[in-house]
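S.K.: Sharing a structure below in structure tokens format, with a few things to ask.
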Amino acid sequence: MNEIELVIPHRLQFSPSHLEDFLDVMQQKENPNDYLQPNEILVCRPDGTHAMDLKNWNHKYIDINSAKCFGCMACVNSPPTFTLFTPHGAPTSIPKSGAHPLNFIGNAFQGKVWKFAPNPGALERMSSQSEEEVNNPLAAILLWRISINQEQTYFSCSPQPGEVDLNTGDERKSKLDVVIGEINSNIITVLEGKTDARETCSSKNRNQWNRYLPALEKVCQPRGITAHFAYVIGGLEDPMYPANANGALTNSTRAAFFHFLKKDNKRFVSLEALRAMYLWKLFQDKDFSWEKNVLPLFGERDFVGVVSGGIIRNSGVSFVLERAPWA
């Protein structure tokens, strides 16, 4: 069995590129094989082979250059056979000084701040460097990893020219950073990527939510498709936790971030949470999936987002962190 993969052959690319084209594939009006671009979604970001030793490539954990790995988990196949993490966050079964056991995974989503123990800051540093080259493709791959039916699930995502266009009716060209769905399903997930919490609530993005939501509904509703829309945010996860969360640290961006979310009832998922979800699926509950466990939350009015420590709700008085339903 291949322990790791370098390519995920489920990325669709269209020319010209429109959301309608993606939906045609989802509804079997087009064949996905006609639009696959497997060589353009190499998993090890930012360049696709960042931490991979291709000279001795055997699809094994030992092919990972541990010193360059930041533990994103995008390359790891299920079921996993590794038993430890290196201090950098690479999967391994070779006991070495500083190796981390896997027991920290079960502490995710418990309603308190959680960190990826082997290398807590590595993913945040990498994802905050580039939305298109790191955050968005990793989000798409991890969503595919936790999908309920990988074989029939496809996505379009950054980097360009992988994004699909959305007609919002104004002069500003709108491209969807991540779109993912299962063939013959009536649900797609659309994620707008941001490098970190600070960038999410910057002035240039304030009207994005109100531009995209009606445009998505206009395209999807006549086809009987529901589009679930959220931000996927990389970088430091600390400001995405409410101030009253167990273990939350003081952060100067937090107030602005939650003020931004409160207006128009915006929703988000952190990139850290997507990685934690895949770890949860690998080691805690093999039946966990985005469709079964996470998407139902989008139908709850007080739902705000998911971080690796749990789910965030708006109580009407304050934002609160709760233990995730699947944990």
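The values are calculated or read from the model by the stated rules, or taken from the named source; none is laboratory data. Worth saying up front: this structure is predicted, and the values here are computed from it rather than measured. Cβ sites come from the backbone with ideal geometry, for glycine too, and all protein chains shown count toward neighbours.
S.K.: Just give me the residues in region 315-327 being in a strand (DSSP E or B) and more than 18 Å from E237 (Cα to Cα), in sequence order. Before you say what the answer is, go through the steps one by one.
M.R.: Pass one, region 315-327, residues in a strand (DSSP E or B): 319-322.
Correct list: empty.
S.K.: If you don't mind, there's one more thing I want to ask. Kindly indicate whether V178 is in contact with a helix residue (DSSP H, G or I) (Cβ under 6 Å, 6 or more places away or on another chain) and within 15 Å of G234 (Cβ to Cβ). Walk me through it before giving the result.
M.R.: Values: in contact with a helix residue (DSSP H, G or I) (Cβ under 6 Å, 6 or more places away or on another chain): yes; within 15 Å of G234 (Cβ to Cβ): yes.
So V178 fits the description; yes.
S.K.: Criterion first (farther than 30 Å from R323 by Cβ and at pLDDT below 95) does D53 satisfy it? Steps first, answer last, please.
M.R.: Details: farther than 30 Å from R323 by Cβ: yes; at pLDDT below 95: yes.
Yes.
S.K.: Then there's this: Scan region 9-30 and report the pairs whose first residue is over 16 Å from S185 (Cα atoms) and among the basic types (K, R) and whose second residue is crowded, with 16+ Cβ neighbours inside 10 Å and at pLDDT 95 or above, with Cβ atoms within less than 7 Å and a gap of 6+ or a chain change.
M.R.: Pairs found: R11/F155; R11/S156; R11/C157.
S.K.: Before we move on, is A197 without any contact (Cβ under 8 Å) to a residue 60 or more places away in the chain and of a type in the set (A, V, I, L, M, F, W, C)?
M.R.: Numbers: without any contact (Cβ under 8 Å) to a residue 60 or more places away in the chain: no; of a type in the set (A, V, I, L, M, F, W, C): yes.
For A197, the condition - without any contact (Cβ under 8 Å) to a residue 60 or more places away in the chain and of a type in the set (A, V, I, L, M, F, W, C) - is not met.
S.K.: Sticking with this one: What is the number of the single condition among (1) more than 15 Å from K281 (Cα to Cα); (2) modelled with pLDDT of 95 or more; (3) not basic (K, R) that A99 does not meet?
M.R.: (2)
S.K.: Restrict the check to region 93-111 and report whether at least one residue is over 30 Å from F319 (Cα atoms), surrounded by 20 or more Cβ atoms within 10 Å (Cβ to Cβ) and touching a residue at least 60 places away in the same chain (Cβ under 8 Å).
M.R.: Residues of region 93-111 over 30 Å from F319 (Cα atoms): 93-102.
The next check asks that each one be surrounded by 20 or more Cβ atoms within 10 Å (Cβ to Cβ); those that pass are none.
Scanning region 93-111, I find no residue that is over 30 Å from F319 (Cα atoms), surrounded by 20 or more Cβ atoms within 10 Å (Cβ to Cβ) and touching a residue at least 60 places away in the same chain (Cβ under 8 Å), so the answer is no.
S.K.: Please verify whether region 50-61 includes one or more residues that are touching a residue at least 60 places away in the same chain (Cβ under 8 Å) and either in contact with a Gly (Cβ under 6 Å, 6 or more places away or on another chain) or surrounded by 15 or more Cβ atoms within 10 Å (Cβ to Cβ) (or both).
M.R.: No, that holds for no residue.
S.K.: Something else about it: What single numbered condition from (1) modelled with pLDDT under 95; (2) on the phi > 0 side of the Ramachandran plot fails to hold for T250?
M.R.: (2)
S.K.: Right, next: Within region 140-151, does at least one residue satisfy the condition of being over 17 Å from the mean Cα position of the chain (by Cα) and surrounded by fewer than 23 Cβ atoms within 10 Å (Cβ to Cβ)? Talk me through it step by step, then tell me what you get.
M.R.: Taking region 140-151 as the starting set, the residues that turn out to be over 17 Å from the mean Cα position of the chain (by Cα) are 151.
Now narrow it down to the ones that are surrounded by fewer than 23 Cβ atoms within 10 Å (Cβ to Cβ): 151.
Yes, that holds for at least one residue.
S.K.: Something else: Just give me the residues in region 149-167 being under 23 Å from W209 (Cα atoms) and not in a loop (DSSP other than H, G, I, E, B), in sequence order. Reasoning before the result, please.
M.R.: Quick first cut of region 149-167, residues under 23 Å from W209 (Cα atoms) only: 155-167.
Scanning region 149-167 gives F155, S156, C157, V164, D165, L166.
S.K.: Tell me, which residue of region 63-97 that is part of a loop (DSSP other than H, G, I, E, B) and touching an Asp or Glu at 6+ places or on another chain (Cβ under 7 Å) is farthest from S147 (Cα to Cα)? Show your work before the answer.
M.R.: Residues of region 63-97 that are part of a loop (DSSP other than H, G, I, E, B), as a first pass: 65-75, 77-83, 86-90, 93-97.
With the extra rule that they be touching an Asp or Glu at 6+ places or on another chain (Cβ under 7 Å), the set shrinks to 65, 75, 77, 81.
Working: N65: 27, C75: 15, N77: 13, T81: 20 Å.
Across region 63-97, the extreme among qualifying residues is N65.
S.K.: What about I180, is it touching a Ser or Thr at 6+ places or on another chain (Cβ under 9 Å), assigned to a strand (DSSP E or B) and among the hydrophobic types (A, V, I, L, M, F, W, C)?
M.R.: Working: touching a Ser or Thr at 6+ places or on another chain (Cβ under 9 Å): yes; assigned to a strand (DSSP E or B): yes; among the hydrophobic types (A, V, I, L, M, F, W, C): yes.
The answer is yes for I180.
S.K.: If you take the residues in region 75-92 that are in contact with a helix residue (DSSP H, G or I) (Cβ under 9 Å, 6 or more places away or on another chain), farther than 25 Å from I233 by Cα and of a type outside the set (S, T, Y), which one is surrounded by the fewest Cβ atoms within 10 Å (Cβ to Cβ)?
M.R.: Ranking the qualifying residues of region 75-92, first place goes to P79.
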